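Undergrad: Have a look at this one before I ask anything.
The values are calculated or read from the model by the stated rules, or taken from the named source; none is laboratory data. What you are looking at is a predicted structure, and each value in this text was computed from that prediction instead of being measured. So basically every Cβ, Gly included, is an ideal-geometry build from the backbone, and we count neighbours across all protein chains shown. Heads up: the accessible areas ignore ligands, DNA and RNA and are worked out on the full protein's heavy atoms, side chains in. Shrake-Rupley method; radii C 1.70, N 1.55, O 1.52, S 1.80 Å.
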Amino acid sequence: SRVTWGGSVLLIVLIVAAGFVMSRDYRAQERNAWIRTGQMRLSERIQGDQRLDTLGDHVLGFLADYLGAQVGAVYVAESDGGFRRVAGYAIPPGAGSDVLRSGESLLGQAAKENRALHVTDVPAGYLAVGSALGRGTPSALIVAPASIDGVVQAVVELGFFRRIDAVDLELLMRASESLGVAVRSSKDRTRLEALLEETQRQAEALQTQQEELRVNNEELEEQGRALRESQSRLETQQAELEQINSRLEEQ
């Protein structure tokens, strides 16, 4: 009957809809699990006291493996507003610039807007990939800032030969704060080391000056003793001359 047939169709529609919802939820759960795993593993790689170059190498090594990137670079914000490259992954020698001014290139734009950029129209030669067989330009880029408290501490550039998915951007955006904290801590540590080295140099210079002053004082004391002895001899000679003159006058 029509009622039976209609009920069957409705049942099929409900089953298909439920399957679609379950599939969508499953994909969302997989996506979130992949992102959380990436955040956790990245956090493990950036823990502890690390120098900026070591930290940059660890970040790029992990992201290249986890995201399947073919090339990458990490630029750290400088006090003058520019950015300095501290690490690179598969970048040919001499490629790119080690220092970028604020507002320059895609990196400067991402830092200025404090948001990740997804670039599919990659400029020729931009972030070139180097290998033993040659070099090439990736087909897609992610330029993602690492910021904490609204301040960009570094920018990560990654190049791909594949299409970039939304989940790739989501991972980098979620990791932005933890990366920003790690970079800021490393920068603070570097400044502290520089301050301690400067303090040590000043202490060594002061110690050297004190040693020079001690030597000079000893030389002055020696000269003073020599002068006193010379004065004593002169006084003795003067007394002898006076005695001789007195005898001569008596004669």
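Undergrad: Only one of (1) open to solvent by 90 Å² or more (accessible area, probe 1.4 Å); (2) closer than 20 Å to GLN109 by Cα; (3) among the hydrophobic types (A, V, I, L, M, F, W, C) is not met by LEU172, so which one is it?
TA: The number of the failed condition is (1).
Undergrad: Out of ARG184, ARG191, report the one residue that is open to solvent by 10 Å² or more (accessible area, probe 1.4 Å), more than 18 Å from LEU60 (Cβ to Cβ), under 15 Å from the mean Cα position of the chain (by Cα) and in contact (Cβ under 8 Å) with a residue 24 or more places away in the chain. Step through it out loud before you land on a result.
TA: Numbers: ARG191 fails: in contact (Cβ under 8 Å) with a residue 24 or more places away in the chain.
Every option except ARG184 fails the conditions.
Undergrad: If you go through the range 65-83, how many residues are within 11 Å of GLN153 (Cα to Cα) and in a strand (DSSP E or B)?
TA: Residues in the range 65-83 being within 11 Å of GLN153 (Cα to Cα) and in a strand (DSSP E or B): 5 in total.
Undergrad: For the range 32-64, which positions are open to solvent by 10 Å² or more (accessible area, probe 1.4 Å), more than 17 Å from ALA154 (Cβ to Cβ) and among the β-branched types (Val, Ile, Thr)?
TA: THR37
Undergrad: Is one or more of the residues making up the range 22-31 at pLDDT below 90, out of contact with any His (no Cβ under 9 Å at 6 or more places or on another chain), surrounded by 11 or more Cβ atoms within 10 Å (Cβ to Cβ) and among the acidic types (Asp, Glu)?
TA: Among the residues of the range 22-31, at least one is at pLDDT below 90, out of contact with any His (no Cβ under 9 Å at 6 or more places or on another chain), surrounded by 11 or more Cβ atoms within 10 Å (Cβ to Cβ) and among the acidic types (Asp, Glu), which makes the answer yes.
Undergrad: List pairs: first in the range 80-105 and under 24 Å from GLY61 (Cα atoms) and of a type in the set (Lys, Arg), second surrounded by fewer than 19 Cβ atoms within 10 Å (Cβ to Cβ) and modelled with pLDDT of 75 or more, Cβ under 9 Å, 6+ apart or cross-chain?
TA: Close Cβ pairs satisfying both conditions: ARG84/GLU78; ARG84/ASP98; ARG84/VAL99; ARG85/ASP98; ARG85/VAL99.
Undergrad: Cβ-Cβ distance below 9 Å, separation of 6 or more or different chains: which pairs start in the range 210-233 with a residue that is without any contact (Cβ under 8 Å) to a residue 24 or more places away in the chain and surrounded by 10 or more Cβ atoms within 10 Å (Cβ to Cβ) and end on one that is in a helix (DSSP H, G or I) and not acidic (Asp, Glu)?
TA: Within 9 Å, no pair qualifies.
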